[in-house]
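Only one structure is covered here, and it is reproduced in the block below.
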Amino acid sequence: MKYLPQFKLLAKQLEANPKIEVKKFEARPKASAKTLATLAAAKGLSAEMLSLWSEANGIRLSWVASGVHGEIELLPIETVLGDWKDTVYFDFTPTARSSVGPRAR
């Protein structure tokens, strides 16, 4: 599937609506074949998973409608597969067992 044309179409459809103001549409240059191959091998990613980043290594579309801000941001592959320490998990995050849920007791 080709993803970038779909995002471009969505941006055009939003721009055509007089009640919506598109603030930004940005498609980053595609990820290099070397980067994709390296990450695919290291992380076991399928061709389908890599298809978006082979078209654009990140996409951002933001808009305002009736004073409400909306945004879609697809991050670059290096960010998605990078280290999320101190963003999603921290040094104090328990790893042995969950501290919530039915087994927490």
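No value in this document is a laboratory result; all are computed from the given coordinates. Just so we're clear, the structure is a prediction, and the values are computed from it rather than from any experiment. Positions of Cβ are backbone-derived with ideal geometry, glycine not excepted, and every protein chain shown enters the neighbour counts.
Some points to look at:
- Percent RCO, i.e. relative contact order, over the chain, from Cα pairs under 8 Å lying at least 6 residues apart: 25
- Formal net charge of residues neighbouring Leu36 (Cβ-Cβ distance under 15 Å; K, R +1; D, E -1): +1
- Positive minus negative residues near Ala11 (Lys, Arg vs Asp, Glu; Cβ under 14 Å): 0
- Pairs over the 28 Å Cα-Cα cut-off, from the set Lys2/Lys43; Lys23/Lys43; Lys2/Lys24: Lys23/Lys43.
- Taking Cα centre as origin and charging only the Cβ of basic (Lys, Arg, +1) and acidic (Asp, Glu, -1) residues, the dipole magnitude of the range 4-89 rounds to 200 debye.
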